[in-house]
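See structure below.
Derivation of every value follows stated rules applied to the coordinates shown; laboratory data play no part. Just so we're clear, the structure is a prediction, and the values are computed from it rather than from any experiment. We place every Cβ from the backbone using ideal geometry, glycine too, and count neighbours over all the protein chains shown.
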Amino acid sequence: MGGRSAGYERSLREARQTALEEMVAEAEELGADGVIGVDVDYESLQMGQGGSMLMVSASGTAVKL
């Protein structure tokens, strides 16, 4: 039966927030006023010895008003 893992969900939220913050910081470095068309992707990467890693990436278009 399915269930929800509070720890896993917390990790996902934190990873998503970090990815978005890094995207915004990069846009600010470029002199942008905002970011539009934001997309967040999640990818599970299989590591050696049965381990896995979750990769979260955020992308968007930096805009200058």
Boolean, Q17 is at positive phi and part of a helix (DSSP H, G or I):
no
Among residues of segment 35-57 being over 13 Å from L12 (Cα atoms) and under 17 Å from the mean Cα position of the chain (by Cα), the residue surrounded by the most Cβ atoms within 10 Å (Cβ to Cβ) is V35
Practice item. Report yes if A27 is of a type outside the set (D, E), part of a helix (DSSP H, G or I) and under 16 Å from the mean Cα position of the chain (by Cα), otherwise no. Key: yes
Result of the Cβ filter at 7 Å on segment 38-65, keeping first residues that are without any contact (Cβ under 8 Å) to a residue 60 or more places away in the chain and assigned to a strand (DSSP E or B) and partners that are surrounded by 12 or more Cβ atoms within 10 Å (Cβ to Cβ) and hydroxyl-bearing (S, T, Y), at least 6 apart or interchain, is D39/S59; D41/S57; L54/Y42; V56/Y42
